[in-house]
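Below you'll find the structure, written out as structure tokens, and then a few comments.
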Amino acid sequence: MITNHELYRHLAQKNDNKIVLLVLDGLGGLPLTPNGPTELEAAFTPHMDRLAREGSCGRAIPVRPGITPGSGPAHLSLFSYDPVQHDIGRGVLEALGIGFDLGPDDLAARGNFATVDENGLVIDRRAGRISTEECIRLTKKLQENTSLSDEGYEVFVLPVKEHRFVLVVRGPGLGGQLTETDPLVTGKPPLPVQDESGTPEGEHTARLINQWIEQARNVLADEPRANSLNLRGLAKEPGLPKFPELYKMRAAAIAVYPMYKGVARLVGMEVIDFDGDRPHHEIEALARVWDDYDFFFVHIKKTDSYGEDGDFEAKMREIEAVDQVLPQLLNLDPAVLIITGDHSTPAKLRNHSYHPVPTLFWGQDVMPDGALIFGERASERGALGVFHATAIVPWAMGYAGRLARYGA
Ligand code: ZN
């Protein structure tokens with residue numbers, strides 16, 4: 001069952017109960033041997049286990065059964081937006097991730113500096129992974145020396161990291177279904193941007209962007225390594241309904257990595273700045289802004305990174321590190337705490353996976369169930385069963401008394 005925003009917008013009501021959504025990226029795992037534990041089951045997590053015993057568990061499907069999600073769509077789902085219905089481009093995520101304030105007239109692309117030979121064939125798709133300082137210099141050079149010929153259009157070229165940058169084009173009537181220029185292999189020339197929507201906006205947008213690319217490549221032509229570029233994930237700002245408006249909750253995001261801040265911004269959450277990158281730094285930041293918001297999204301990245309490295313042990317230790325900071329979080333007295341992941345990243349697979357994600361809800365009015373510890377297999381004995389991840393925020397709102405009665 002996928003969340004119906006209009007219904008919840010209608011029922012949402014304010015109160016003083018605070019909700020924390022604690023996301024361990026890629027939380028779900030797999031046993032290395034059939035009878036062995038998963039990463040979460042193997043981890044020593046006395047606090048999570050107590051919360052599972054006192055609360056309710058289930059397993060969340062991020063997109064659709066059997067589908068392995070990227071972290072962007074998987075987070076949209078956690079925030080209650082069906083990612084199939086709201087397809088957001090990689091360029092949009094990248095732009096939001098560096099803190100660019102994308103507006104409704106903006107189209108964003110992820111850019112990669114590249115090296116081409118004298119025949120224009122790509123010989124290095126990452127321009128030898130130039131330094132971030134180089135990236136800053138080059139994006140400045142492009143910003144100062146490129147423009148769009150059509151009246152009323154603006155262009156922004158922004159550095160990300162190493163060979164990566166963001167291009168934002170701003171102006172009326174941009175759109176379409178635009179293809180990428182990266183040939184994805186070396187020895188081939190970059191491709192032109194093409195529109196697959198067949199609309200006049202799409203055609204116009206493709207023409208504008210191809211003009212800019214030509215100019216930009218001329219500006220870069222004398223560079224030793226980054227003498228060309230490619231654009232990927234071209235997409236418009238999707239104009240999603242904003243979370244604080246839908247649910248009548250002021251929402252804060254506490255995350256270390258840019259993309260997660262970006263998705264949170266996309267739905268209207270405020271991103272909190274803080275120093276440090278460990279779970280305890282994130283909980284300190286949470287404590288600092290506790291009085292100013294109603295809903296808090298706290299994102300832990302490294303569980304996913306270690307899963308992708310195939311490092312079962314390190315992923316398990318990171319889960320334990322999060323468990324150790326839970327008392328500090330609980331001291332803040334949240335009405336509802338959710339612990340989940342955006343998808344599974346079993347170390348066994350070294351990749352994201354489609355497996356449903358163990359999820360726990362804890363709070364005063366949460367019904368305790370048969371899940372006596374927090375883990376994949378224990379979650380099967382939870383009362384909530386298997387549900388779509390878009391149901392997480394609505395469940396939490398119900399537990400927090402933030403939904404009015406439906407009908408008389
Ligand atoms: Zn993820």
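Only residues that are under 23 Å from the mean Cα position of the chain (by Cα) and among the aromatic types (F, W, Y): list them for segment 153-210, please. Those that are under 23 Å from the mean Cα position of the chain (by Cα) and among the aromatic types (F, W, Y): F156, F165.
Listed by position, the strands (runs of 3 or more DSSP E) inside segment 142-251 whose residues that are charged (D, E, K, R), out of contact with any strand residue (DSSP E or B) (no Cβ under 9 Å at 6 or more places or on another chain) and surrounded by fewer than 17 Cβ atoms within 10 Å (Cβ to Cβ) number at least 1 are 154-161. The set of residues in segment 71-95 being under 19 Å from A255 (Cα atoms) and either away from the ligand (no atom under 16 Å from the Cβ) or among the polar types (S, T, N, Q) (or both) consists of S71, S77, S80, V92, A95. Only residues that are more than 16 Å from the ligand (Cβ to nearest atom) and closer than 28 Å to A396 by Cα were counted in segment 305-337, giving 19.
When A383 is tested against (1) in contact with a Ser or Thr (Cβ under 6 Å, 6 or more places away or on another chain); (2) more than 15 Å from the ligand (Cβ to nearest atom); (3) farther than 20 Å from R53 by Cβ, just one condition goes unmet, and that condition is (3). Put simply, of I373, I319 the only residue that is among the β-branched types (V, I, T), over 30 Å from V289 (Cβ atoms) and out of contact with any Phe, Trp or Tyr (no Cβ under 8 Å at 6 or more places or on another chain) is I373. Residues that are within 16 Å of the ligand (Cβ to nearest atom) and surrounded by fewer than 19 Cβ atoms within 10 Å (Cβ to Cβ) within segment 52-70 comprise I67, T68, G70, listed in sequence order.
Which number in (1) closer than 28 Å to E270 by Cα; (2) of a type in the set (D, E); (3) surrounded by 16 or more Cβ atoms within 10 Å (Cβ to Cβ) marks the one condition that D49 misses? Tallying (1) closer than 28 Å to E270 by Cα; (2) of a type in the set (D, E); (3) surrounded by 16 or more Cβ atoms within 10 Å (Cβ to Cβ), D49 fails exactly one: (1). Residue pairs whose Cβ atoms lie under 6 Å apart, separated by 6 or more positions or on different chains, with the first residue in segment 298-309 and part of a helix (DSSP H, G or I) and the second of a type outside the set (K, R) and surrounded by fewer than 23 Cβ atoms within 10 Å (Cβ to Cβ), are Y306/A314. Within segment 21-47, residues that are without any contact (Cβ under 8 Å) to a residue 24 or more places away in the chain have Cβ atoms under 9 Å from residues that are within 15 Å of the ligand (Cβ to nearest atom) and assigned to a strand (DSSP E or B) in no pair, counting only partners at least 6 apart in sequence or on another chain. Number of residues in segment 217-257 that are touching a Gly at 6+ places or on another chain (Cβ under 6 Å) and among the small types (G, A, S): the value is 2.
Each reported figure results from applying straightforward, stated rules to the coordinates on display, with no laboratory input. All values reported here derive from a predicted model rather than from experimental measurement. Cβ: placed from backbone, ideal geometry, glycine included. Neighbour counts: every protein chain shown.
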